[in-house]
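The values are calculated or read from the model by the stated rules, or taken from the named source; none is laboratory data. Since the model is a prediction, treat every value here as computed from it, not as a measurement. Here the Cβ positions follow ideal geometry from the backbone for every residue, glycine too, while neighbour counts run over all protein chains shown. Surface areas here come from the heavy atoms of the whole protein model, side chains and all, with no ligands, DNA or RNA. Shrake-Rupley method; radii C 1.70, N 1.55, O 1.52, S 1.80 Å.
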Amino acid sequence: MKLIPSLTLTLASIGLFSTSLQVVANESKIEVTSLYQKEVLSSSIAHEKRAISKELAINYKHYRRHLKSQVNQYQLSVNLENFHYLDPKTDANIKHLNQNIRQLKGITKYNSNIIDLRLANTKMLGQWQAGQSPLFAYAPEGNDTQWTYIEAFDEAGNIHLLDAHVVPDRPVFIIELNNEQTMKEGIETMRSMFNSAKNNNGISTLSSEFSASADEPLSTTAIKNIKLKNVEESWISGDAEVYAIVSGISPENTDIAPQLDILEFPYLDEADTNYSPNQIIVQWENYRWQAVDILLMENDDNTNYKDLAGTILDAAEAVLRLIPDPTVQGYAIIPQLTNAIIQAMPDSWWTNDDDYLDVFYTIFENQTYTNHKGASNNATVDLEPLVIQPRN
């Protein structure tokens with residue numbers, strides 16, 4: 001699911017084919033001549049997913065019985081790590097493409113398959129189980145609210161174009177990344193880079209984990225309720241995977257250094273839905289001043305997490321170097337730090353990469369916030385102070 005704030009975004013152009021194609025859009029045949037101007041030659045997540053879609057489509061007859069034993073009304077998706085009965089060549093090709101995607105995302109520590117195969121809609125289940133041949137599709141590059149057609153393959157390898165905003169009349173399997181797994185590995189990669197930067201500099205420049213004290217109360221702030229706005233989106237988009245970057249100033253030493261904590265929101269996967277997680281989002285002993293900013297991001301396909309961590313690290317340190325006397329400005333430098341991170345995002349982050357969702361500026365310790373809206377009016381939260389006492 002795409003959760004988009006109210007901002008004017010720079011959209012990536014989509015490269016398409018130059019040949020004349022016979023295609024199907026919602027089962028109405030249309031002739032498309034010179035619809036596509038050029039083929040995307042550069043390596044991208046969408047390019048790799050397209051290759052997997054075609055591989056699985058033309059080999060469907062070899063594994064369809066196995067797939068029908070795994071997909072049902074309770075489980076619409078299957079991870080390709082647990083996918084069997086593919087011929088050796090197809091299996092090797094998909095594993096190779098999986099590793100390419102890992103390289104593109106900067107998550108190369110593990111070798112497990114991060115590709116899922118998901119039936120697009122439960123209403124398609126009966127048709128598919130009754131024997132109707134499915135199509136195999138993937139989410140293209142660019143902003144999903146701007147998509148017109150979704151490319152899909154049938155068993156013969158023919159291309160079909162499906163309306164991006166109308167659920168197809170026939171079964172469609174979607175090749176997509178396992179966002180939960182990729183986000184976990186991506187955040188692990190970022191934490192590793194942040195900790196490495198801290199150790200190399202000799203000071204706590206960036207952090208990613210809460211510290212703990214065994215004998216003193218912990219002053220924290222917890223999310224009591226959170227909601228993200230609903231938006232128009234394509235049927236091919238899956239649930240969101242959201243995380244937060246909490247930015248402030250390190251409490252260690254006399255130097256002014258940025259301090260960032262990264263937190264996952266595994267429950268926050270639907271727009272226009274109230275969640276009441278009671279999740280700790282700030283542990284105040286991690287910060288010098290009693291104020292932080294909270295930046296909400298959505299995990300999508302195309303971000304390289306090594307590049308993301310490097311961008312955040314460079315932006316955070318650069319803004320502090322430009323401030324003549326940070327101690328005079330006090331916590332007022334925190335929004336400057338957060339804005340530097342946002343402004344460092346390349347244009348592609350506003351398409352289908354890790355997307356900025358919203359930001360909460362200057363959240364204070366020991367303060368309650370009720371129905372508090374972010375700067376982009378896309379997220380609303382209730383925040384409350386929470387003191388955790390040590391064991392006696």
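Looking only at segment 52-84, count how many residues are hydroxyl-bearing (S, T, Y) and in a loop (DSSP other than H, G, I, E, B).
Count: 1.
What are the pairs with Cβ atoms under 7 angstrom where one residue, in segment 81-97, is under 20 Å from I45 (Cβ atoms) and open to solvent by 50 Å² or more (accessible area, probe 1.4 Å) and the other, located anywhere, is of a type outside the set (F, W, Y) and part of a helix (DSSP H, G or I)? Sequence gap at least six, or different chains.
That search, which allows pairs on different chains as well, returns N93/E55.
Please find, among D354, D358, the residue that is within 18 Å of the chain's Cα centre (by Cα), at pLDDT below 70 and open to solvent by less than 10 Å² (accessible area, probe 1.4 Å).
Among D354, D358, only D354 is within 18 Å of the chain's Cα centre (by Cα), at pLDDT below 70 and open to solvent by less than 10 Å² (accessible area, probe 1.4 Å).
Which members of segment 115-136 meet the condition of being more than 20 Å from L80 (Cα to Cα) and open to solvent by less than 10 Å² (accessible area, probe 1.4 Å)?
Within segment 115-136, just M124 meets the criteria.
In segment 145-162, is there at least one residue being under 19 Å from E48 (Cβ atoms), in contact with a helix residue (DSSP H, G or I) (Cβ under 7 Å, 6 or more places away or on another chain) and in a helix (DSSP H, G or I)?
Within segment 145-162 (the criterion being under 19 Å from E48 (Cβ atoms), in contact with a helix residue (DSSP H, G or I) (Cβ under 7 Å, 6 or more places away or on another chain) and in a helix (DSSP H, G or I)), the answer is no, since none of the residues qualifies.
Using the structure shown, decide if S237 is more than 30 Å from D169 (Cα to Cα) and either at pLDDT 65 or above or assigned to a loop (DSSP other than H, G, I, E, B) (or both).
No, not satisfied.
Six or more apart or on different chains, Cβ atoms under 8 Å: show the pairs whose first residue is in segment 215-230 and touching a residue at least 40 places away in the same chain (Cβ under 8 Å) and part of a loop (DSSP other than H, G, I, E, B) and whose second is of a type in the set (D, E) and open to solvent by 30 Å² or more (accessible area, probe 1.4 Å).
K229/D272; N230/D272
Give me a count of the residues in segment 148-159 that are within 25 Å of F83 (Cα to Cα) and open to solvent by 10 Å² or more (accessible area, probe 1.4 Å).
Matching residues across segment 148-159 total 7.
Using the structure shown, decide if L296 is touching a Phe, Trp or Tyr at 6+ places or on another chain (Cβ under 7 Å), modelled with pLDDT of 85 or more and open to solvent by less than 50 Å² (accessible area, probe 1.4 Å). Walk me through how you get there before you give the answer.
On the way: touching a Phe, Trp or Tyr at 6+ places or on another chain (Cβ under 7 Å): no; modelled with pLDDT of 85 or more: yes; open to solvent by less than 50 Å² (accessible area, probe 1.4 Å): yes.
Spelling it out, it is not the case that L296 is touching a Phe, Trp or Tyr at 6+ places or on another chain (Cβ under 7 Å), modelled with pLDDT of 85 or more and open to solvent by less than 50 Å² (accessible area, probe 1.4 Å).
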